[in-house]
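Reviewing the structure listed below.
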Amino acid sequence: MNISQQRDAARPRARGTERSMARRAELITIGRKLFADTSYDALSMDDIARQAHVAKGLIYYYFQSKRGYYLAIIQDSVADLVTFAASGLELQPVDRVHRTIDSYLRYAEHNQAAYRTIVSGGVGFDTEVHAIRDGVREAIVATIAEGAYGRTDIAPIARMGLLAWVCSVEGATLDWTERPELPRDTMRELLVRTLGGALRAIEEMDPAYPAPEPARRES
């Protein structure tokens, strides 16, 4: 078989792979909506298949089990959140911090069900889902550290200061999405200013991590 024939033979498989990936993504989108309104334990595979209008075997084919399906949904949501929050690499460090917070809020605002699942750690105490959530926190800490200090390998005091801020942002953002009494711009400015406070506290405890100039001007 020559190269041209090999290429022609590969095309149907490529198209099949694309269709398979699209179908899997469609099932994940459906799953986000299902698990947003109903607890993990309350949904059986029969319930999921019926509400998704697919054969139960199709879900097993792509995800092996209900838990595999659920974890795939969480991981997909996490990938979206981290991508949104870490965007703006071309910006100056301070501008990137603003962009990161704004992107984080935009994601939470437009993907409320997925955001609730991520920050709440899933259903009950699920160690795998909590590990995924912790990975998101570390990614956001790294993004803020890069913007504030120009590096991600920071000392424990700086990491803990930023992690404490991220955890507070989760709770505040969750409340904001449920009771959006503040415009997003106001919410972003509030979180930027509380970040400034965290950065100044870090500098006071470890002068090797000076707060960026805009954070100092807010004091």
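At a glance:
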read-out	value
Matching entry among E138, E146 (being buried (at least 17 other Cβ atoms within 10 Å of the Cβ), in the same structural domain as P212 (by TED's automatic domain parsing) and part of a helix (DSSP H, G or I))	E146
Single unsatisfied condition, W165 versus (1) aromatic (F, W, Y); (2) surrounded by 15 or more Cβ atoms within 10 Å (Cβ to Cβ); (3) modelled with pLDDT under 95	(3)
Odd one out for Q64, checked against (1) at pLDDT 80 or above; (2) in contact with a helix residue (DSSP H, G or I) (Cβ under 8 Å, 6 or more places away or on another chain); (3) not hydrophobic (A, V, I, L, M, F, W, C)	(2)
The stretch 176-201 residues that are among the small types (G, A, S), paired with ones that are not in a helix (DSSP H, G or I) (beta carbon under 6 Å, 6 or more apart)	G196/E218
Which listed residue, of P183, P156, is exposed (fewer than 15 other Cβ atoms within 10 Å of the Cβ) and under 22 Å from Y107 (Cα atoms)	P183
Test for I59: is it outside the structural domain of Q75 (by TED's automatic domain parsing), within 26 Å of the chain's Cα centre (by Cα), modelled with pLDDT under 90 and not hydroxyl-bearing (S, T, Y)	no
Failed item in (1) within 23 Å of D80 (Cβ to Cβ); (2) at pLDDT below 95, with E189 passing the rest	(1)
Check on A208, among the small types (G, A, S), loosely packed, with under 13 Cβ neighbours inside 10 Å and in the same structural domain as L81 (by TED's automatic domain parsing)	yes
Every residue from the stretch 93-111 that is surrounded by fewer than 23 Cβ atoms within 10 Å (Cβ to Cβ) and more than 19 Å from P183 (Cβ to Cβ)	P93, V94, D95, R96
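The values are calculated or read from the model by the stated rules, or taken from the named source; none is laboratory data. All figures in this text were calculated on a predicted structure; none of them were measured in a lab. FYI the Cβ positions are ideal-geometry reconstructions off the backbone, even for glycines, and counts take in every protein chain you see.
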